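The next block holds one structure in the form of structure tokens; read it before the comments.
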Amino acid sequence: MPAMTTIVHVHGRQVLDSRGNPTVEVEVGLDSGAFASAAVPSGASTGEHEAVELRDGGEAWGGKAVARAVDHVNGEIADRITGLDARDQRAVDLAMIEIDGTATKARLGANAILGASLATAKAAAADAGVPLYRWIGGANAHVLPVPLMNVVNGGAHAQNSLDFQEFMLVPGGAETFSEALRIGVETYHALEALLKERGLSTSVGDEGGFAPDLGSAYDACAAILDAAERAGHRDKVAIALDPATSELFHDGAYVLERQGGTLDGNGMIDLWADLADRFPIVSIEDGLAENDWATWQTLTDRLGGRLQLVGDDLFVTNVEFLRRGIAEKVGNAILVKVNQIGSLSETLDTIELAQRNGYATIISHRSGETEDATIADLAVATNSGQIKTGAPARSDRTAKYNQLLRIEDQLGAQAAFPGWDAFPRARS
Ligand SMILES: C=C(OP(=O)(O)O)C(=O)O
Ligand SMILES: [Mg+2]
């Protein structure tokens, strides 16, 4: 007899993401009547080795590749997973991976597979009558993440004078998630006032952070600290950077086009060391390019004892790349983006491998997002302790922050918040 959690309905459609580009949304319905949908995010500064999404640049409605992904959801994927038990997440994910038949999900599309994968988990949670974080994480899911809030944007996410992509505020001195969020928004608002006073632009980049024409990374870090000071939170915040340097790496050199100048790998390491000497920096993501593994080793050797060094493009949420990183002592943390690998089960495998090997895990959005807040639940489910989901403004980003506020409220006294403990290397 089929279980009440048998998948009886799978339907995909196009919806818009935060950049106004079409993306995939998938609905999954179960025999019990439980029902859920999930929408898939999309990056701009994508890693070369990410799972392949079927996506066209900017062609709203009728974008041919997204339409193909949707057709695959409504055709092959629906045919294959209808009749499976939604509680068997791995079986559902493996079935889709198998019929795709490629190493990178390029045939059916990582966006088609991920939409069905996440909607399956949400439908199963709905059927069980438990929150998604509890369904995915089980009895011990209780740690709210420290938010790495991207308040100054540059690089591929903005058209300003900053070569580096993200300057994030880290309110690790808070006692709770909601206090951290309050520190974040008050500093964000103070930063806006400060930029206005200096005659700088307060228009924003893709993730809602301001995109002013600041002169350099030094000026961006100083402006964030000035804003924190003005908001009365200077003693409770630190800074995290994501320079996304794969975007800057050309012919073996790092080309800082907007600021002028070119650095080699060791020059980049010197720059990070100098910035970390001058500012309270706790984390640097993609401080070197995705294929510059040898220099990454030097970076980790030099700065890994005192900084969180995060692989995003470097590891692409993929156990194979992370295994290499662990073996070669490269990096000490991994950015986790569900659409880089394309299924929930594989994402959980990567997180588990990282946690077992002492690598910190930061659950992350993409620069192209939707109102889907699954990553908020995923952060609590895995007790990751850190989340990266943009500025505390614009509803594609606040959807995640608001979901974390709900979870904190639901957990009540059970909710834990790691604060600076989430950054053990930066504390030593
Ligand atoms: C969120 C990021 O940007 P994107 O989604 O464009 O890769 C990132 O590089 O960490
Ligand atoms: Mg990144």
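The values are calculated or read from the model by the stated rules, or taken from the named source; none is laboratory data. These numbers were taken from a predicted model, which means no experiment stands behind them. For neighbour counting, all protein chains shown are included, and Cβ atoms are generated from backbone atoms with ideal geometry for every residue, glycine included. Ligands, DNA and RNA are excluded from the accessible area calculation, which covers all protein heavy atoms including side chains. Shrake-Rupley method; radii C 1.70, N 1.55, O 1.52, S 1.80 Å.
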Item to check | Dipole axis of the chain (+1 Lys, Arg; -1 Asp, Glu on Cβ), positive-most option in Gly199, Thr262, Thr398 | outcome: Thr398
Checklist entry - Between Gly75, Ala38, Ile97, whose Cα lies farthest towards the positive end of the dipole of the range 6-129 when Lys and Arg beta carbons carry +1 and Asp and Glu beta carbons carry -1, centred on the Cα centre? => result Ala38
Checklist entry - At 222 nm, what helix-only mean residue ellipticity would the chain give, in deg cm²/dmol to the nearest 500, using -39500 (n - 2.57) for each DSSP H run of four or more? => result -11500 deg cm²/dmol
Item to check | Lysine pair number, Cα distance threshold 28 Å (strictly under), the chain, separation 8 or more or different chains | outcome: 21
Checklist entry - Which shape class, rounded, prolate or oblate, goes with the range 92-231 when its Cα gyration tensor gives a ≥ b ≥ c as root eigenvalues, a/c under 1.5 marks rounded, and past that a/b bigger than b/c marks prolate? => result oblate
Item to check | Per-peptide average of other Cβ atoms within 10 Å, ordering 166-173, 256-263 highest first | outcome: 166-173, 256-263
Checklist entry - Tally Lys/Arg at +1 and Asp/Glu at -1 over every other residue whose Cβ is under 12 Å from the Cβ of Gln340; what's the total? => result -4
Checklist entry - Mean 1/r over all different Cα pairs, inverted: what Kirkwood radius does the chain give, in Å? => result 21.6 Å
Checklist outcome for this item: GNM on the chain, Cα springs under 10 Å; top mean-square fluctuation among Leu348, Leu114, Leu271 goes to Leu271
Item to check | Contact order normalised by residue count of the range 6-129, Cα under 8 Å, 6+ apart, percent | outcome: 35 percent
Checklist outcome for this item: With a ≥ b ≥ c from the Cα gyration tensor eigenvalues, square-rooted, and the rule rounded for a/c under 1.5, otherwise prolate when a/b > b/c and oblate otherwise, the range 6-129 is prolate
Item to check | Semi-axes of the equivalent ellipsoid for the range 233-353, Cα gyration tensor, largest first, Å | outcome: 24, 18, 14
Checklist entry - Over the chain, what is the mean sequence separation of C-alpha contacts under 8 Å (at least six apart), divided by residue count, expressed as relative contact order in percent? => result 20 percent
Next on the checklist: If you fit an axis through the alpha-carbon atoms of helix 89-100 and take the longest principal axis of the Cα set of the chain, what angle between them do you get, 0 to 90°, nearest 10?
Outcome noted: 90 degrees
Item to check | Asp264-Val15 pseudo-label distance in nm [points 7 Å out on the Cα-to-Cβ vector] | outcome: 5.0 nm
Item to check | Contour minus Cα-Cα distance for Lys64 and Arg107 (0.36 nm per residue) | outcome: 14.1 nm
Next on the checklist: Taking a ≥ b ≥ c as the square roots of the Cα gyration tensor eigenvalues, with a/c under 1.5 meaning rounded and otherwise prolate when a/b beats b/c, else oblate, which class fits the range 43-106?
Outcome noted: oblate
Checklist entry - Once label points are set 7 Å from the Cα along Cα→Cβ at both Glu320 and Ala193, what is their separation, rounded to one decimal in nm? => result 5.2 nm
Item to check | For the range 265-316, alpha-carbon Rg over 2.2 N^0.38 Å | outcome: 1.03
Checklist entry - How far is helix 110-128 tilted off the main Cα axis of the chain, in degrees rounded to 10, range 0 to 90? => result 70 degrees
Checklist entry - Pairing the Cα long axis of helix 395-411 with the longest principal axis of the chain, what angle in degrees results, from 0 to 90 and rounded to the nearest 10? => result 80 degrees
Next on the checklist: Of the candidates Thr245, Thr389, Thr82, which one comes out as most mobile in a Gaussian network treatment of the chain with C-alpha springs shorter than 10 Å?
Outcome noted: Thr82
Next on the checklist: Quick check: at a probe of 1.4 Å, how many percent of the accessible area of the chain sits on carbon and sulfur atoms?
Outcome noted: 47 percent
Item to check | Selected from Glu98, Glu48, Glu247 as most flexible by GNM, with the chain as the system and alpha-carbon contacts under 10 Å | outcome: Glu98
Checklist entry - Once you list every other residue whose beta carbon is under 15 Å from the beta carbon of Leu30, what net charge do they have if Lys and Arg are +1 and Asp and Glu are -1? => result -3
Checklist outcome for this item: Residue-normalised value, i.e. accessible area per residue, for the range 144-302 at 1.4 Å probe, in Å², stands at 35 Å²
Next on the checklist: Tell me the net charge near Arg323. Cut-off is 13 Å between Cβ atoms, Arg323 excluded, with +1 for each Lys or Arg and -1 for each Asp or Glu.
Outcome noted: -1
Checklist entry - What percent do you get for the relative contact order of the range 289-428 when only Cα pairs under 8 Å and 6+ apart count? => result 21 percent
Checklist entry - Just how large is the dipole of the range 173-329 about the Cα centre, in debye to the nearest 20, putting +1 at every Lys and Arg Cβ and -1 at every Asp and Glu Cβ? => result 440 debye
Checklist outcome for this item: Taking r as the C-beta separation of Asp226 and Asn402 and R0 as 25 Å, the FRET efficiency to the nearest 0.05 is 0.35
